[in-house]
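Working notes, structure below.
The values are calculated or read from the model by the stated rules, or taken from the named source; none is laboratory data. None of the values given here were measured: they were computed from a predicted structure. Positions of Cβ are generated from backbone atoms using ideal geometry, with glycine treated the same way; all protein chains shown enter the neighbour counts. With ligands, DNA and RNA removed, areas are computed over all heavy atoms of the protein, side chains included. Shrake-Rupley method; radii C 1.70, N 1.55, O 1.52, S 1.80 Å.
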Amino acid sequence: MDQAKDTGELGLAGILVWMRFMATRQLIWNKNYNVKPREISKAQDRLTDLLQNTYTTHPQHRELLRMIMSTVGRGGEGDVGQRIRDEILVIQRNNDCKGGMMEEWHQKLHNNTSPDDVVICQALIDYIKSDFDISIYWKTLAENGITKERLLSYDRAIHSDPSFRRDQKDGLLRDLGHYMRTLKAVHSGADLESAISNCMGYQAEGEGFMVGVQINPVADLPSGFPELLRFILQHVEDRNVEALIEGLLEARQELRPLLLKSSDRLKDLLFLDIALDSTVRTATERAYEELNNAGPEKIMYFITLVLENLALSSDDNEDLIYCLKGWHLAISMCKSQSAHWALYAKSVLDRTRLGLSSKAEWYQRILQPSAEYLGSLLEVDPWAINIFTEEVIRAGSAATLSSLINRLDPVLRETAHLGSWDFLMQVVMSWDSWQVISPVEVVGYVDVVEELLAVQNKSYDRPTILVAKSVKGEEEIPDGTVAVLTPDMPDVLSHVSVRARNCKVCFATCFDPKILADLQANKGKLLRLKPSSADVVYSEVKEGDLADSSNLKGDGPSSITLVRKQFGGKYAISAGEFTPEMVGAKSRNISYLKGKVPSWVGIPTSVALPFGVFEKVLADKLNQGFKFTILFSSFELASIRFKLLDLYCCVTRCHILKQISQQGCLRVGLVSYIWWGVLCGFGPAPIGNWYEVGYLTLVFKIIRGKKTSGRADMGFDITTLSSDWDVKILRALSAFRSRVVEKLQILKKKLGEGDFDALGEIRQTVLQLSAPPELVKELKTKMLSSGMPWPGDEGEQRWEQAWTAIKKVWASKWNERAYFSTRKAKLDHEYLCMAVLVQEIINADYAFVIHTTNPSSGDSSEIYAEVVKGLGETLVGAYPGRALSFICKKNNLSSPQVLGYPSKPIALFIRRSIIFRSDSNGEDLEGYAGAGLYDSVPMDEEEKVVVDYSCDPLLNDGKFQQSILSSIAGAGKAIEELYRSPQDIEGVIRDGKVYVVQARPQM
């Protein structure tokens, strides 16, 4: 345990896997061992004490520790374990059953007691209660995973069936009932009855060997808590479970403060909490039959109960808490018969689904690798390994919650007259109908993939219908794809959605798992898809029908070319200098709007680094000196043949380190090239020489590319070096000086040969560029003269942050999505040039994207827009969930109509900062939508905030909502009138004011 807790999640996951393998009888630890019951009881007591202490000292791992404790018994000191041996003898003697099955069980108990004994005892009780029906005995065993073969596998096998006389019935039921408490005290710490008894205290009276055992109640239990627990025990088997579940959750809430404090009885409280949690799940499952015919309000109520239960068992539960608040609001809206209650409930349902998916992914990432590793070493059955994480999830509240959500989804859809499909080429015009824009009928071969991202660079040689489990929104659609069908929910205005519309690819979200499963089962078959307003009809077709369907798929992107841009002689320009030769359409459009839009629409001040600046910086002499951290970083795992610590301490003491740092050469660069010299056979480095400041100065000059006659300015003479190694390494450093441009040429060659890993290496190489002083000076002048803050005024580090952001924008020319998109469009990637638009960030309350012509219906009289909380990156980037969406007639801007409420769990906020936006010559080309392919990078990192929509005025204040949405629509209409063509507009809301940060022609 000490090693596990020090390792963190991975170590505790290993403990959990091991203990669960034992709990599920995949791992029999006590095979061929004679372990006395009192010894196992004491060992379990020590283990649970360790878990209790770790729970207190490592609060970040409480969820994993709870899961571990749910697999082990409480244990106990003294005679708690020994009583297992002693009491079975008393049972045999008092009830005259010393032979047969009872004697065989007695021998097993003396040799090795295990959790199986709890099941065997229960099976005997059920058998006796059924008036000695042997089939009931075997039924109880089978339901708990114990077979005849397992009984025979014990070191002391159980061969016989139980056989008792009728006059033994009452005594056996009494004594086996007492014995069950003893077994559960050792093996079933999370059993509800024993957990309650351990916390409230009890004293068991007995005769002979069954001496009384006293357990004191836990001190400082909340007032009224014992009465609450007694209520739970009285109603634990009630058919109507609502009052029981409410009591269980009330008890868990009362316990929660005690679980956060250290206590010598903490494990008893934890076992009680685990038992209460488990009972909520079983009680809810008992109500499933009742919920089959229940209305949405009752199902939502049960969802709140189970969601609260899950939140109480989770470490990171902020999102779950906000989902819970959302469900309470949905119930309130339903009771008040709000027109939008089902629409809002659907958004909360989608967000809850996302939360469950995230939790399942966490379980899979943490537990499954350990299960596979340990399972293979322990020779666990492969099927048990493969389903390990799945079974863990099924055993928890997440599975119960998922089941309830799946029950509610079709009820909401029926209430709202929705179908199973939600087209990304449509918007909901009303609750009674769906409209589909350009309903694309396609024929293609079905292929099933885990995620669209994994195949975005693939080219299919035949028309393909992709069924993709994951579609985030930023992917490219592969060549040859005629349809993408997914259970995921990317935004209607996400990159992949826009790309699907432009390329006339059928793109739909399906919420019915049965339909998706059926489509997946058709993998390899040729299907025809016929989308309607609220459904997709699909059918298998013959090969001959494929030729007839050639007219079903629209033409691909038109033939277009890029024109290489040249450096115009300026590193930075103001908005008044934005011309087609200097910047892209993004910069020019925002400059055009300044002063022309209505006064209530704000336009941020902008400057830009024009086309050609990247290439100019690349060729600058500052960037001719090669960064050794790039070339030799792969050698950093090599064996070091000298004392790096001495070298490191030496370098940090040298005053020239400041010079080196200022010039962009990190300490690790010095270490890297020394390793390289050793690996190349120059021999071990004489450590003493590295203490010479003059020697380091000479090295510094060579790295910087300066000429040297062999003497440093400090009087250091290269001829005085004490070994040939020193001369060789210095000459090698001078000879192997290189340039970033040469590195890029090598990587581009690799890329041309199909090595797509080179894309990441190119991006990293671009980040090594140094800023020429002329660039810094010109950019500072332009920003200050335009009224923008200069980052460097806050310190050199702030400028370095800004410079890194600029380089990331340039480097995004080589991001995977952009590269594959230009390749697909047959654009010359070398001719793609990147300007950088510089704007001060408006710390938004909300962000929006507008299409001034409805992209689904093509209705030019109607605006379609999406709104998110915080910055717009959650809308245009690959953030899960949906935005708030609405439409608005241009002749009636005061009456926006909400189509869908938001389900995105995360919003982004940022301090006062600068953003550097990509502005390439490959965006907004006719016939090719390149917008969104390249990165816009803020100088500061955004803060992720979990959103509570239940108190957001945009959702629950009708007047505020109408005002904001009408203002957004009004800004869209005004900008469209300026350009006299449909526009794709991005902007933000701050303190009720609309700001437009970007506008382009709507594709």
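Rundown of residues vs (1) touching a helix residue (DSSP H, G or I) at 6+ places or on another chain (Cβ under 6 Å); (2) open to solvent by 10 Å² or more (accessible area, probe 1.4 Å); (3) hydroxyl-bearing (S, T, Y), yes/no style:
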site: G444; (1), (2), (3): no, no, no
site: V449; (1), (2), (3): yes, yes, no
site: L452; (1), (2), (3): no, no, no
site: K458; (1), (2), (3): no, yes, no
site: K472; (1), (2), (3): no, yes, no
site: I477; (1), (2), (3): yes, no, no
site: T481; (1), (2), (3): no, no, yes
site: L493; (1), (2), (3): no, yes, no
site: C503; (1), (2), (3): no, yes, no
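Among residues that are assigned to a helix (DSSP H, G or I), of a type outside the set (A, V, I, L, M, F, W, C) and surrounded by fewer than 21 Cβ atoms within 10 Å (Cβ to Cβ), S332 is included.
Scan region 822-840 for residues that are of a type in the set (S, T, Y) and under 23 Å from K616 (Cα atoms) and report the count.
Qualifying residue count for the region: 1.
Each residue in region 120-134 was checked for being in contact (Cβ under 8 Å) with a residue 40 or more places away in the chain and either among the aliphatic types (A, V, I, L, M) or over 12 Å from R166 (Cα atoms) (or both), and 5 of them qualify. Of the candidates S357, S347, S376, S370, the single residue that is outside the structural domain of M19 (by the TED database), hydroxyl-bearing (S, T, Y), closer than 18 Å to D948 by Cβ and assigned to a helix (DSSP H, G or I) is S347. If you filter region 342-384 down to residues that are open to solvent by less than 30 Å² (accessible area, probe 1.4 Å) and polar (S, T, N, Q), you find that the one that is farthest from F21 (Cα to Cα) is S347.
Take N216 and tell me if it is within 27 Å of G326 (Cα to Cα) and not hydrophobic (A, V, I, L, M, F, W, C). Criteria not met by N216.
What helices (runs of 4 or more DSSP H), lying completely within region 84-145, carry at least 1 residues that are surrounded by fewer than 19 Cβ atoms within 10 Å (Cβ to Cβ) and of a type in the set (S, T, Y)?
Numbers: elements: 100-111, 116-129, 134-143.
Those helices (runs of 4 or more DSSP H) span 134-143.
So that you can scan it fast, the table gives a plain yes or no per residue for (1) at pLDDT below 85; (2) outside any helix (DSSP H, G or I); (3) open to solvent by 50 Å² or more (accessible area, probe 1.4 Å):
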{"position": "S558", "(1), (2), (3)": "yes, yes, yes"}
{"position": "F567", "(1), (2), (3)": "no, yes, yes"}
{"position": "K570", "(1), (2), (3)": "no, yes, yes"}
{"position": "S587", "(1), (2), (3)": "no, no, no"}
{"position": "F611", "(1), (2), (3)": "no, yes, no"}
{"position": "E615", "(1), (2), (3)": "no, no, yes"}
{"position": "F626", "(1), (2), (3)": "yes, yes, no"}
{"position": "T629", "(1), (2), (3)": "yes, no, no"}
{"position": "D646", "(1), (2), (3)": "yes, no, yes"}
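Go through (1) open to solvent by less than 10 Å² (accessible area, probe 1.4 Å); (2) without any contact (Cβ under 8 Å) to a residue 60 or more places away in the chain; (3) not acidic (D, E) and name the single condition K889 misses. The one condition K889 does not meet is (1).
With the checklist (1) modelled with pLDDT under 90; (2) over 21 Å from the mean Cα position of the chain (by Cα); (3) of a type outside the set (D, E) in hand, flag the one item L466 doesn't pass. It is condition (1) that L466 fails. The single residue among G444, G480 that is of a type in the set (G, A, S) and closer than 24 Å to E923 by Cα turns out to be G480. Against the list (1) over 32 Å from the mean Cα position of the chain (by Cα); (2) at pLDDT below 95; (3) within 26 Å of R62 (Cβ to Cβ); (4) not acidic (D, E), the condition L269 fails is (1). Restricting R93, R74 to those that are modelled with pLDDT under 85 and closer than 29 Å to D277 by Cα reduces the list to R74. L310 falls short on exactly one of the conditions (1) of a type in the set (A, V, I, L, M, F, W, C); (2) crowded, with 19+ Cβ neighbours inside 10 Å; (3) outside any helix (DSSP H, G or I), and that condition is (3). Listed by position, the helices (runs of 4 or more DSSP H) contained in region 148-253 that have at least 3 residues being modelled with pLDDT of 90 or more and over 38 Å from the mean Cα position of the chain (by Cα) are 148-153, 169-187, 225-235. Under 6 Å between Cβ atoms, at least 6 apart or on separate chains: pull out the pairs that start in region 808-821 with a residue that is under 11 Å from E475 (Cα atoms) and part of a helix (DSSP H, G or I) and end on any residue that is open to solvent by 10 Å² or more (accessible area, probe 1.4 Å) and of a type outside the set (D, E). Sorted first by the residue in region 808-821, then by its partner, the pairs are A818/Y934; F820/Q456; F820/N457. Only one of the numbered conditions (1) under 16 Å from Y344 (Cα atoms); (2) of a type in the set (S, T, N, Q); (3) open to solvent by less than 30 Å² (accessible area, probe 1.4 Å) is violated by S918, and that is (1). Of all residues in region 883-905, exactly one satisfies the criterion of being touching a Pro at 6+ places or on another chain (Cβ under 6 Å) and either acidic (D, E) or part of a loop (DSSP other than H, G, I, E, B) (or both), namely A883. Within region 840-873, the only residue that satisfies the criterion of being of a type in the set (S, T, Y), at pLDDT below 90 and open to solvent by 10 Å² or more (accessible area, probe 1.4 Å) is S857. Exactly one condition in (1) of a type in the set (F, W, Y); (2) in a loop (DSSP other than H, G, I, E, B); (3) open to solvent by less than 20 Å² (accessible area, probe 1.4 Å) is not met by Y879; state its number. Failed condition: (3).
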